[in-house]
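Working notes, beginning with the structure itself.
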There are 2 protein chains.
Amino acid sequence: MLFEEERKRLIADYIRQRGRASVQELALQFQVSESTVRRDLRDLEELQFLRRTHGGAVPVLENDNNEPSFIEKEDRFQQQKLAIARAALSLIREGDTILLDSGTTTYQLAKLLRGFQRLTVITNSVMAAQELANEKTIELLLTGGTLRPETLAMVGPFAERNIASVHVDKLFLATNGFDTEAGLTTPNMVEAAVKSRMIRSARQVILMADHSKYGQVSFARFGELSDIARMITDRDISPAAVQEIESAGIDMTIADQGGAA
Amino acid sequence: MLFEEERKRLIADYIRQRGRASVQELALQFQVSESTVRRDLRDLEELQFLRRTHGGAVPVLENDNNEPSFIEKEDRFQQQKLAIARAALSLIREGDTILLDSGTTTYQLAKLLRGFQRLTVITNSVMAAQELANEKTIELLLTGGTLRPETLAMVGPFAERNIASVHVDKLFLATNGFDTEAGLTTPNMVEAAVKSRMIRSARQVILMADHSKYGQVSFARFGELSDIARMITDRDISPAAVQEIESAGIDMTIADQGGAA
DNA sequence: CAATAAACGATCATATATAATCATTATTAG
DNA sequence: CTAATAATGATTATATATGATCGTTTATTG
């Protein structure tokens with residue numbers, strides 16, 4: 001005879017393992033009435049361990065790939081950004097210490113960082129931090145700072161001071177505007193100050209920017225082209241732009257989307 | 001014949017080893033009445049050595065994987081903690097700048113902070129930050145630091161430095177151990193360092209601790225009783241404890257759970 | 001879209017576990 | 001040694017988990 005707690009835990013395991021289970025099946029399996037199974041399922045659903053359906057239950061969806069957040073849904077160029085993130089991933093080595101800027105493209109990279117055995121990640125993005133919080137093999141540091149609700153980025157003196165106190169192998173940087181004349185720009189002054197600080201704390205600066213950023217000029221300037229060692233963009237960038245960027249001494253990586261458009 | 005403490009330890013071991021035990025089984029095994037077994041189990045549960053179920057007890061699960069454990073989700077003292085949080089809430093004024101420690105009790109308070117029109121909150125708890133991220137009327141600052149996966153608390157030099165650079169009206173502090181001799185203690189050294197810093201940055205220190213913390217001594221000491229201006233606890237605290245704490249010059253608030261047990 | 005069968009939630013009865021209480025026994029302090 | 005205190009066991013009232021029943025809701029299928 002099982003205790004209630006034991007049974008609930010086993011039911012949760014059972015469903016996670018098999019992918020699904022009917023109420024009847026569970027009642028038979030654990031030798032209790034269907035009433036009891038339903039009560040258990042209700043409790044487990046409340047604790048988010050599974051989702052009930054008519055007739056049974058299914059595992060709760062891992063937030064790995066499904067259920068993109070609101071920001072993600074509204075995001076344009078997702079395919080391109082994922083491709084850029086994959087290209088960025090190949091630049092990271094075991095044991096690296098990296099600085100991860102906030103932004104939707106760098107967020108895609110954060111999701112890919114799982115699986116590293118030894119990695120130190122410093123970020124001002126709460127969204128990125130959430131993705132990596134449970135990875136035991138990744139040392140995760142948050143810069144701290146005032147939280148901007150729109151982007152869940154931490155900015156301001158707290159962030160700047162902490163970034164100033166470290167040195168990293170690689171910075172993965174995002175931007176709103178990238179222009180050969182105006183340099184690197186973003187709409188928000190305090191975010192610009194943080195990015196500027198990040199650049200100064202990195203041995204190698206890698207810019208992750210899809211083609212739509214090229215030629216854009218925003219309000220606050222945080223760096224110039226010569227700060228950038230490498231730029232990763234998508235294949236929709238114009239050949240003319242590529243030539244112009246390369247002639248500024250920046251290595252280019254054109255990310256392949258693997259056949260898909 | 002065993003001493004009480006010996007028996008309790010053996011019961012805890014027994015359950016950890018076998019994975020479960022019924023009250024009957026334990027009464028037989030240790031040659032005591034079921035009443036005594038239940039009392040032992042109650043004590044052991046309060047100390048988090050095991051979890052009671054109807055009919056017996058099971059071990060506390062180690063949360064080795066990334067999923068939130070049962071323990072976290074169904075916190076047995078939730079009612080008390082909520083009551084404590086409500087009492088803490090009444091101490092906060094519009095326009096205050098408060099420092100919020102990480103922990104389950106302070107997390108309850110974070111959830112109640114919505115609705116303030118003007119409030120500055122500094123916290124090292126990512127969980128608390130998530131609750132408040134979308135409140136436009138709350139200025140939210142994160143301390144930054146290394147993220148501890150178990151508690152989602154930010155600790156270490158980043159956090160300490162930023163905390164040291166501010167001064168707040170009120171600190172809402174959590175603790176694992178509260179003892180008139182040993183003072184305030186917690187299992188983790190780096191968390192202790194952060195808490196210690198917090199105390200130094202606050203004009204008024206308010207301790208939020210349910211009755212189970214009283215008399216507990218953990219590994220790392222981060223403060224003494226004289227640091228505390230006020231303690232908020234639940235009504236299950238013993239009158240003797242209240243008197244002892246008050247004679248140490250600490251104002252006491254016994255949170256009412258509003259009729260519910 | 002309606003008919004039908006299955007699944008569901010609500011409610012109740014019951015068996016059992018538990019908390020509260022009190023008497024008794026062990027332990028400690030003076 | 002005696003008084004006070006704490007732990008234990010027995011007893012009783014309360015609380016809880018469970019299974020059965022039944023009216024309602026939901027999915028399916030012709």
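The values are calculated or read from the model by the stated rules, or taken from the named source; none is laboratory data. In this text, all values refer to a predicted model and were calculated from it rather than measured experimentally. No Cβ is skipped: glycine too gets one built from the backbone with ideal geometry, and neighbour counts run over all protein chains shown.
The residues of segment B:1-23 that are farther than 17 Å from residue B:59 by Cα, more than 28 Å from the chain's Cα centre (by Cα) and surrounded by 12 or more Cβ atoms within 10 Å (Cβ to Cβ) amount to a single one, B:2.
Looking only at residues of segment B:26-57 that are within 22 Å of residue A:9 (Cβ to Cβ), more than 10 Å from DNA strand C (Cβ to nearest atom) and of a type outside the set (A, V, I, L, M), we find that the one that is farthest from the chain's Cα centre (by Cα) is B:51.
With respect to (1) more than 13 Å from chain A (Cβ to nearest Cβ); (2) in contact with a helix residue (DSSP H, G or I) (Cβ under 7 Å, 6 or more places away or on another chain); (3) closer than 29 Å to residue B:248 by Cβ, the lone exception for residue B:164 is condition (1). The single condition among (1) free of Cβ contacts under 8 Å to residues at least 12 places away in the same chain; (2) over 15 Å from residue A:3 (Cα atoms) that residue A:45 does not satisfy is (1).
The set of residues in segment A:5-22 that are touching a residue at least 24 places away in the same chain (Cβ under 8 Å) and within 11 Å of chain B (Cβ to nearest Cβ) comprises A:7, A:8, A:12, A:16. For segment A:111-145, residues that are surrounded by 19 or more Cβ atoms within 10 Å (Cβ to Cβ) and of a type in the set (S, T, N, Q) total 4. Across segment B:100-145, the number of residues qualifying as farther than 15 Å from residue A:142 by Cα and either out of contact with any helix residue (DSSP H, G or I) (no Cβ under 8 Å at 6 or more places or on another chain) or in a strand (DSSP E or B) (or both) comes to 15. Can you tell me which residue is farthest from residue A:194 (Cα to Cα) among those in segment A:123-153 that are hydrophobic (A, V, I, L, M, F, W, C) and more than 9 Å from every other protein chain (Cβ to nearest Cβ)? Among them, the one singled out is A:138.
Screening A:85, A:12 for residues that are more than 14 Å from DNA strand D (Cβ to nearest atom), modelled with pLDDT of 90 or more, part of a helix (DSSP H, G or I) and touching a Ser or Thr at 6+ places or on another chain (Cβ under 7 Å) leaves exactly one candidate, A:85. Restricted to segment B:32-51, and to residues there that are aliphatic (A, V, I, L, M), more than 12 Å from DNA strand D (Cβ to nearest atom) and more than 14 Å from chain A (Cβ to nearest Cβ), the residue that is farthest from residue B:178 (Cα to Cα) is B:44.
Residue B:239 meets each of the listed conditions (1) out of contact with any strand residue (DSSP E or B) (no Cβ under 9 Å at 6 or more places or on another chain); (2) crowded, with 22+ Cβ neighbours inside 10 Å apart from (2).
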